[in-house]
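The values are calculated or read from the model by the stated rules, or taken from the named source; none is laboratory data. Owing to the predicted nature of the structure, the values given are computational and were not obtained by experimental measurement. Glycine gets a Cβ as well: all are built from the backbone with ideal geometry, and neighbour counts include every protein chain shown. For the accessible areas, the whole protein counts, side chains as well, though only heavy atoms, and no ligand, DNA or RNA atoms are used. Shrake-Rupley method; radii C 1.70, N 1.55, O 1.52, S 1.80 Å.
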Amino acid sequence: MTLFTDLALAPADPILGMTDLFLADPRAQKANLGVGVYQDESGKLPLMQSVRQASDILAADPKPYNYLPIDGDAAYDAAVVKQVLGADHPAVTGGLAVSVQTLGGSGALKVGGDFLHGIGATTVLLSDPSWDNHAAILGGAGLKVGYYRYYDAANRCVDFGGMLDDLRAAEPGTVVVLHGCCHNPTGYDLTRDQWDQVLDVVEDKRLVPFIDMAYQGLAESPEKDAYAIREAARRGLPAFCANSFSKVFGLYGERVGGLTLITASPDEAKRVRSQVKLRVRANYSSPPTHGAAIVHTILESAELTSLWTDEVATMRDRIKAMRAGLADGLRAAGVSADVSYITTQRGMFSYSGLTRDQMLRLREEFGVYGVENGRLCMAALNHANLPLVINAIATVMG
Ligand code: LMR
């Protein structure tokens, strides 16, 4: 007998596990549409020019890697708050917003979840469906996880009536995770009018909005995609926002993101920051330096910000072109079902509606890897793998 004799083998991660299977697949013709990683036309994760130039600036003046403060580099935190809310937002100019550097968006969810649990929150509602890891992270913070209706499979849209009804039925103080843009996994976003209605219910029922904004810039623009958190903050709601620079700066492995909280006064902001720092310290002590320095170097330079903005627009347009290519290709391959949903959805993902069995066929017969819930990463399509993917999907759709 050892300590681990009876230990079960854990199941593979439904998203990251796909990359392991993909890499182990010896076929030359294959496509990894599982994990949400942007790839360029050559099928590679690009090193963005803005990131390269910022790295060069940092490399020209190397600094020792001391510990950062628990809540991160102050200049980075100031850049995050402006990126999330806009420099002129009253919550920023009034000193009501608190931003803390975190280990990607996931770290922000965990630190925010721990903080909320510590101040008495008991329940969190996620969209049905949501990113798989939301339940694990926020459940791991001690919150009871429930769901509100979101996806209407029959009509391929947001079940907006169901969503509002479920939010109206929630107890005051319930935390509600809302996807700021590029809903993961469905790709169906709320309109501005729908956001206003959701925030009306959140305000009326005194719910706590926790906006996950991992794709700011990949739907319309960095400004427009931040509508939900900016409007929540404008209304003075005690809103939380987890933002990530993994996708939009291509800094996946640097684990760089932020947790932004909206408070009612500068004094409250000071107390909130002090408490959030306790949560960071108890989780991972303090955040890492390099990725945050890259983001901060870009965002404090008008020239690099402008370059980055153009690069994000290029990514966004390429994803849209690939969506159109897939939809057109499926039609040309004789698929009679309506595939216009592919171009209606936004961001990296398309919720294909394919069953688990169909997704397994994609993988086993064609080497096309997607998440078993039917999610396919549109940001990993290119003109070279598109024919393979079109043929595979057309075949399993019958
Ligand atoms: C995804 O949804 O594919 C990404 O957010 C990567 C991850 O960690 O799951």
One point scatterer per Cα, no solvent, Debye formula: log10 I(q)/I(0) for the stretch 264-387 at q = 0.15, 0.16, 0.19, 0.23 Å⁻¹ comes out as -0.87, -0.90, -1.02, -1.28
Checking Asp40, Asp204, Asp61 against a Gaussian network model of the chain (alpha-carbon springs below 10 Å), the top fluctuating residue turns out to be Asp61
Cα convex hull volume per residue for the stretch 42-189, in Å³, equals 188
Residues of the stretch 133-167 with backbone N under 19 Å of the label point set 7 Å from the Cα of Leu360 along Cα→Cβ are none
About its Cα centre, the chain carries a charge dipole, from +1 on Lys and Arg Cβ atoms and -1 on Asp and Glu Cβ atoms, whose size in debye to the nearest 20 is 320
With the charge dipole of the chain built from beta-carbon charges (+1 for Lys and Arg, -1 for Asp and Glu) about the Cα centre, the Cα from Ile119, Gly146, Tyr76 projecting farthest to the positive end belongs to Ile119
In nanometres, the difference between 0.36 nm per residue of separation and the alpha-carbon distance of His290 and Asp193 is 31.0 nm
Output for the stretch 246-295: chymotrypsin sites (Phe, Trp or Tyr not before Pro) sitting in coil per DSSP, at most 12 other Cβ within 10 Å, listed by number, reads none
In the chain the accessible area split gives carbon plus sulfur, as whole percent at 1.4 Å, a share of 54
Normalised Cα Rg of the chain, dividing by 2.2 N^0.38 Å with N its residue count, works out at 0.99
Taking the reciprocal of mean 1/r across every pair of different Cα atoms in the stretch 101-188, the Kirkwood radius in Å is 13.5
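Please work out the average accessible area per residue across the stretch 131-177, using the 1.4 Å probe convention, and give it in Å².
44
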Using the Kirkwood radius over Cα pairs of the stretch 147-204, the Stokes-Einstein translational diffusion coefficient at 4 °C and 1.567 mPa s, in µm²/s and rounded to a whole number, is 109
With the dipole of the chain defined by +1 on each Lys or Arg Cβ and -1 on each Asp or Glu Cβ, the option from Thr263, Ala228, Leu376 whose Cα lies farthest towards the positive pole is Thr263
Long-range alpha-carbon pairs in the stretch 216-334, meaning those over 16 Å apart, account in percent for 73
Listed by chain and number, the lysines with an alpha carbon less than 27 angstrom from that of Lys44, same-chain partners under 8 positions apart left out, are Lys30, Lys247, Lys320
